[in-house]
Structure formats: structure tokens, C-alpha cells
Amino acid sequence: MKLIIAYIPVEKLDAVKKELDDRGVFRMSVTRGRGCGQQKGYFESYRGSKKEVNLLPNLRLEIAVNDDYREVAIDAICAATQTGSIGDGKIFVLPLEECIRIRTGERGPNAIGGESRYCSNNDKIE
């Protein structure tokens, strides 16, 4: 199991969701954030003085996937966001030690849901 954390431009969310949906990845958490990378920000005028704005708005996506969907999710995010320009975003992939579905107490890959070779009957888990 993996936890994929992606920082993407705000305006790319709909495209990312569509790409993920088209590839069978439906579950995610989205958080608004601010950050800077290579682009470092920009200058803005406010009441006659220039102010550096170096924390730009972005979105943080957290997507827990079974190992089968690791590359599927990464490819979907890249397909929706990659322009070749600074500011396209960043993806981090972390090992996910445990997943627990609180409602049922299910643990492990079945608790994440979706299809997986690890699910006993390979049916979609709701």
C-alpha cells in the first residue's frame, strides 16, 4: 500500500480528478495550501508599496492506493498537470503501513477499496 501526496496548481483539480476517475482511482482527500518551489513567488503592489508573495496557492492531494494502482495514480496526475513549466507540482510516494476502515474495522488493502490482486474476491470494495 502507498500514500501518494501530490501538490498541484488549484486550476488543475478538475483535470486530475477526471484522469484519476478514468483510470479507476476514486478516493482522495484535497486540502488547500500555500507553498513555493522553483518559481519562488512574485511581487505585488499594495497601497503603493511592493510586497513579495512567495507562498503561492496550491492543493494537496492525498491518495491511498494498493500497490497495483501506484503507477496508475502517478501517471494520471502527471497527465493532467504536466505542462513542462515551473509550477506543475510535485508528487511524493510514501509507504503506507496500515489502513483501517473505521465503519467495518477492515484492515489492509481491502480497507483502501477498489480492485486489487490483494482483495480476496477481486471485486470492488464499497
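Quick look at the numbers
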read-out: Qualifying position, being over 29 Å from R107 (Cβ atoms) and either of a type in the set (A, V, I, L, M) or in contact with a helix residue (DSSP H, G or I) (Cβ under 7 Å, 6 or more places away or on another chain) (or both), among V53, V25; value: V53
read-out: Extreme residue, surrounded by the most Cβ atoms within 10 Å (Cβ to Cβ), among residues of segment 62-86 that are out of contact with any helix residue (DSSP H, G or I) (no Cβ under 7 Å at 6 or more places or on another chain) and under 11 Å from I8 (Cβ atoms); value: C78
read-out: Test for A111: is it at pLDDT 90 or above, of a type in the set (G, A, S) and surrounded by 16 or more Cβ atoms within 10 Å (Cβ to Cβ); value: yes
read-out: Some residue of segment 76-88 being aliphatic (A, V, I, L, M), more than 22 Å from D21 (Cβ to Cβ), modelled with pLDDT under 95 and touching a Lys or Arg at 6+ places or on another chain (Cβ under 7 Å); value: no
read-out: Test: residue in segment 31-38 that is closer than 30 Å to A111 by Cβ, surrounded by fewer than 12 Cβ atoms within 10 Å (Cβ to Cβ) and of a type outside the set (D, E); value: yes
read-out: Some residue of segment 9-31 being over 21 Å from S85 (Cβ atoms) and in contact with a Pro (Cβ under 9 Å, 6 or more places away or on another chain); value: no
read-out: Set K12, K2, K17: member being surrounded by 13 or more Cβ atoms within 10 Å (Cβ to Cβ) and closer than 21 Å to I100 by Cβ; value: K2
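The values are calculated or read from the model by the stated rules, or taken from the named source; none is laboratory data. Because the structure is a prediction, the values reported are computed rather than measured. Methodologically, a virtual Cβ is constructed for each residue, glycine included, from the backbone with ideal geometry; neighbour enumeration extends over all protein chains shown.
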